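Read through the structure below, which is laid out as structure tokens, and then see the notes.
The values are calculated or read from the model by the stated rules, or taken from the named source; none is laboratory data. From a predicted model like this one, the values you see are computed outputs, not experimental measurements. With ideal geometry, Cβ positions are generated from the backbone for all residues, glycine too; neighbour counts draw on all protein chains shown. Ligands, DNA and RNA are excluded from the accessible area calculation, which covers all protein heavy atoms including side chains. Shrake-Rupley method; radii C 1.70, N 1.55, O 1.52, S 1.80 Å.
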Amino acid sequence: MTVFILRRLLQSAGVLLATSVIVFLGVYAIGNPADILIAADATQLERQSAIVALGLDRPLIEQYWIFLSNALRGDFGRSFVFNQPAISLILARLPATLELALVALIIALVVGIPLGLVSGLKPNTLVDETIMTGSILGFSLPNFWQGMMLIMIFSVWLGWLPAGGRGDTAQVLGITTSLLSWDGLTHLILPATNLALFNLALVIRLTRTGVREIMPLDFIKFARAKGLTERRIVLVHVLKNIMIPVVTVVGMEFGSIIAFAVVTETIFSWPGIGKLLIDSIMLLDRPVVVSYLLVVVFMFVIINLLVDIAYSLLDPRIRLRDTQ
Amino acid sequence: MPMLRKLLLGLALSSCLTTASMAVDLTVGSSTEPAAIDPHFSRSGNSQQIAAQVFNRLVEPDENLQIQPGLAVSWTNLDELTWEVKLREGVTFHDGSPFTAEDVVFSLERADEIPNSPAPFTANVAPIASMEIVDPLTIRFTTTKPTPQFMELTGMVYIVSKAAAEGASIEAFNSGEAAIGTGPYKFVSWTPGDHYKLTLNETYWGEAPEFENVTYRLMSNSAARVAALLAGDVDLIDSVPPGDVATLEASDGIQVHSAPSGRIIYLGLDSARDESPFIIGPDGAPLNPNPLKDVRVRQAMSKMIDRQLLIDRVLSGAGMPAGQLAPIGLGGHSTSLQPDQIDLEAAKALLAEAGFPDGFGITIHSSNDRFPGDGDIAQALGQLFQRGGLTVNGVVTQPYNVYATAAGKQEFSAFIFSFGTSTPSAAPGMTNVLMTFDEEAGTGSFNRMRYSNPDYDAAMRDALAEFDPAARNRKLEIAAEIVFGDYAILPLYWPEVTWASRDGIGYVANVSEDTLATYASVTE
């Protein structure tokens, strides 16, 4: 297993290098940041000095080389827009997104698994069909529209919850979080729900399918014959077996939630990294875009690894091998 | 029990009343975010919004962009190259230290030395050859060449405290440690992507600020801003999308504040080259000679545009038809330049006269995320040109980050752009958009058409060398008449900018598009 993990980490270094080249070239191909960042009434003199200040007067290959050699020393460059280290901008925004993604994931699991179980255990009943229809809505309603509707209903009409922003935050072990204050929590509910809905639908469907597949299997019949209670059969034997697909998909989805919560973060003015990414792309803030995607690629590599390890813990039949 | 309840109610009420009689707080839903708190780091509008409240300038623009005394109370030319500026007495910085000529000299020297600044104040301080402190409240400036618009340029640089800002890093400003100004509000904190906070400066030299604490919530999404205002989360929002103005006006408890902006939306025409990539003949190849070189063709195109219709249908009426760059009220606005009315007969005649009775093929380009309605305006223009007798081969809209670079490289033939004026006169726009593209002379930096007219350039040089403001404006008008008579660009409209607030909060809608707490007021 150690060899397996080491090999995985080595491969990821290659992936990171390839990503940096592609993104660097991609942002370069879009346009010239100086055209976006200069003052609206800039003179020739100012435009030229901006290009020099941002290091854009050098050949592309030299710009990349400077980036790469600095990156190897842990310096990912300074943001063109904010003139702050790109990586610290990203890390400063990361807790907000992680918190949002985590709460969304918990909502998806805590609500989704029981609903999926009910649905799977009582197939083709009214309850099942209601839940299934609901999950279709979760899948197919655009995220953006869902968010606007949540705001319209709960903030504008009912006035129960704030329409956006992060609210009061507290510092715990150097990390800023909204989980510890009432105001922070109220700000979190709507965006987390918005982000959770798609995954909630996904979890319901995965759980239902899993239950439907496992219920007719021999070991369930055997458990019944042995005289185990229905409760024990469902909560221990069925649940454990349906967790493998759920863990895989949710693991991958968790990565996506963190990396691409752009829509939710924009609608709810949530100060996370998704909003930072979209703003940086608009302004061609190359150091931030490149560093962001490197962070995301790294994160996906780690999540994949954790998912693989979680497999082997959930299902003893699966062994992590160093496949050649 | 009822006694107790009454007592409690009374207490609660009285506590409400006492807080109400004290200063009020203001929460703003802002569409833009500063790049840094250091006022010299970026001259672009989003960073100026916070700087304009925490810091002062030698002269301050009013809501019509005309300059008023700020930290300078008076200025005179001793000769063409020398300016003597008298500073305001008794002004103190937020940390209590007095404001003196030392701070001005320090700020002006610092303004073009900010590392990695993408939009420095270089051009603002470029005229200065030397500065001499005559006494703590008098400075004598010598300029490198006669600079009539000296105060409009150099006077617009923010004045920081020498003691606080000397050697300070951008982080020291962002944390507030070095962000010490003389402005009506003091900087409190900034959480990037979320909000920044200001608090009133009790010892402000000018009109006392109305709000105790001001919070700017950063909401780049327009729908989110409108929802936050409707939900009562914020008191004031800016950049209300034109499509939402009617809804907000109809809502209870919401007020809408609109003003025409100093931003011109125009169609640039690639009129300098013999062949233009998207002006094509029936065979699909670029026409040579390029019809856009002919002023009659450009005039014909202007007469195909129903400007009022564009504004009514695409912008829900939020704009004013334009026939020149400067709106009424700005220096350089000529009353004789009226927007062209739609006249298809005349357009047809002009096209025939120019040798294109059957028109020609054209593709229109535009950004789609730069200002409200930019992509839709391009679509509508396409239809108007088709109706006017041209063959519109397509309307292409792109995100601004792609579009701006491509337009700068002359990749388009007919393209929509905007230029925002934030100075008392239209001189910067008339210099940067319309004068000959010339890196040496520093003119025409946004002349993406590469339009070049020696008569106009001469008229502009004459205007820019004029020291008397009234005479300069008259000369700018003459230059405007030359260049718009030649249809160098086709001005379309000046959009209205709109703010919305809850009842009880007033706002001075301003030409400069600034969202400042100093423009907001309590109206109850």
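Looking across segment B:452-463 at every residue that is open to solvent by 10 Å² or more (accessible area, probe 1.4 Å) and farther than 19 Å from B:Pro127 by Cβ, the one that is farthest from the other protein chains (Cβ to nearest Cβ) is identified as B:Asp455. Is it the case that B:Val497 is part of a strand (DSSP E or B) and among the aliphatic types (A, V, I, L, M)? It is true that B:Val497 is part of a strand (DSSP E or B) and among the aliphatic types (A, V, I, L, M).
In this structure, is A:Leu16 at the interface with chain B (Cβ under 7 Å from one of its Cβ atoms) and either open to solvent by 20 Å² or more (accessible area, probe 1.4 Å) or farther than 20 Å from A:Phe82 by Cα (or both)? Criteria not met by A:Leu16.
For B:Leu198, indicate whether it is of a type in the set (A, V, I, L, M) and in a strand (DSSP E or B).
Numbers: of a type in the set (A, V, I, L, M): yes; in a strand (DSSP E or B): yes.
Criteria met by B:Leu198.
The lone criterion from (1) within 14 Å of chain A (Cβ to nearest Cβ); (2) touching a residue at least 40 places away in the same chain (Cβ under 8 Å) left unmet by B:Val214 is number (1).
Rundown of residues vs (1) within 23 Å of the chain's Cα centre (by Cα); (2) not aliphatic (A, V, I, L, M), yes/no style:
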position	(1), (2)
B:Pro428	yes, yes
B:Val433	yes, no
B:Phe446	yes, yes
B:Asp457	no, yes
B:Ala471	no, no
B:Glu477	yes, yes
B:Tyr487	no, yes
B:Tyr507	yes, yes
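Based on what the data block shows, is B:Ala272 touching a Lys or Arg at 6+ places or on another chain (Cβ under 7 Å), outside any helix (DSSP H, G or I) and not aromatic (Phe, Trp, Tyr)? Let's see the steps before the verdict.
Working: touching a Lys or Arg at 6+ places or on another chain (Cβ under 7 Å): yes; outside any helix (DSSP H, G or I): yes; not aromatic (Phe, Trp, Tyr): yes.
Yes, satisfied.
Could you tell me whether B:Tyr204 is in contact with a Gly (Cβ under 8 Å, 6 or more places away or on another chain), more than 11 Å from every other protein chain (Cβ to nearest Cβ) and more than 18 Å from A:Pro162 (Cα to Cα)?
Details: in contact with a Gly (Cβ under 8 Å, 6 or more places away or on another chain): yes; more than 11 Å from every other protein chain (Cβ to nearest Cβ): yes; more than 18 Å from A:Pro162 (Cα to Cα): yes.
When the stated conditions are applied, B:Tyr204 passes them.
The single condition from (1) aliphatic (A, V, I, L, M); (2) farther than 21 Å from B:Pro495 by Cβ; (3) within 13 Å of chain A (Cβ to nearest Cβ) that B:Ala407 fails is (2).
If I filter segment A:185-192 for residues that are open to solvent by less than 50 Å² (accessible area, probe 1.4 Å) and farther than 18 Å from B:Arg217 by Cα, do I get at least one hit? Scanning segment A:185-192, I find at least one residue that is open to solvent by less than 50 Å² (accessible area, probe 1.4 Å) and farther than 18 Å from B:Arg217 by Cα, so the answer is yes.
Reported count of residues in segment B:364-390, each being touching a helix residue (DSSP H, G or I) at 6+ places or on another chain (Cβ under 9 Å) and not in a loop (DSSP other than H, G, I, E, B), is 14. Within segment B:59-79, the set of residues being open to solvent by 50 Å² or more (accessible area, probe 1.4 Å) and within 17 Å of B:Asp514 (Cα to Cα) comprises B:Glu63, B:Asn64, B:Gln66, B:Gln68. Annotation: of all residues in segment B:101-124 being among the aliphatic types (A, V, I, L, M) and more than 14 Å from chain A (Cβ to nearest Cβ), the one that is farthest from the chain's Cα centre (by Cα) is B:Ala101.
In segment A:95-103, the condition of being facing chain B (nearest Cβ under 10 Å) and modelled with pLDDT of 85 or more is met by at least one residue.
Going through A:Asn83, A:Asn32 one at a time, which residue ends up being touching a residue at least 40 places away in the same chain (Cβ under 8 Å) and within 12 Å of chain B (Cβ to nearest Cβ)?
Checking each option against the conditions leaves just A:Asn32.
Can you find a residue that is within 14 Å of chain A (Cβ to nearest Cβ), touching a residue at least 12 places away in the same chain (Cβ under 8 Å) and of a type outside the set (Val, Ile, Thr) anywhere in segment B:375-393? No; the residues of segment B:375-393 include none that is within 14 Å of chain A (Cβ to nearest Cβ), touching a residue at least 12 places away in the same chain (Cβ under 8 Å) and of a type outside the set (Val, Ile, Thr). Restricting attention to segment A:1-29, the residues being touching a residue at least 60 places away in the same chain (Cβ under 8 Å) and farther than 21 Å from A:Leu294 by Cα number 3.
Within segment B:149-187, restricting attention to residues that are open to solvent by 10 Å² or more (accessible area, probe 1.4 Å) and part of a loop (DSSP other than H, G, I, E, B), the residue that is nearest to the other protein chains (Cβ to nearest Cβ) is B:Ser169.
Residues in segment B:289-313 that are within 14 Å of B:Asp486 (Cα to Cα) and of a type outside the set (Gly, Ala, Ser): B:Leu292, B:Lys293, B:Asp294, B:Val295, B:Arg296, B:Val297, B:Arg298, B:Gln299, B:Met301, B:Lys303. For segment A:35-62, residues that are more than 7 Å from chain B (Cβ to nearest Cβ) and without any contact (Cβ under 8 Å) to a residue 24 or more places away in the chain total 9.
This table checks each residue for (1) among the aliphatic types (A, V, I, L, M); (2) over 27 Å from A:Gly138 (Cβ atoms); (3) buried (at least 17 other Cβ atoms within 10 Å of the Cβ).
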residue	(1), (2), (3)
A:Ile204	yes, no, yes
A:Val236	yes, yes, no
A:Lys240	no, no, no
A:Ile257	yes, no, yes
A:Ser269	no, no, yes
A:Asp285	no, yes, yes
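Out of B:Gly375, B:Gly389, one residue alone is open to solvent by 10 Å² or more (accessible area, probe 1.4 Å), at positive phi and modelled with pLDDT under 95. It is B:Gly389.
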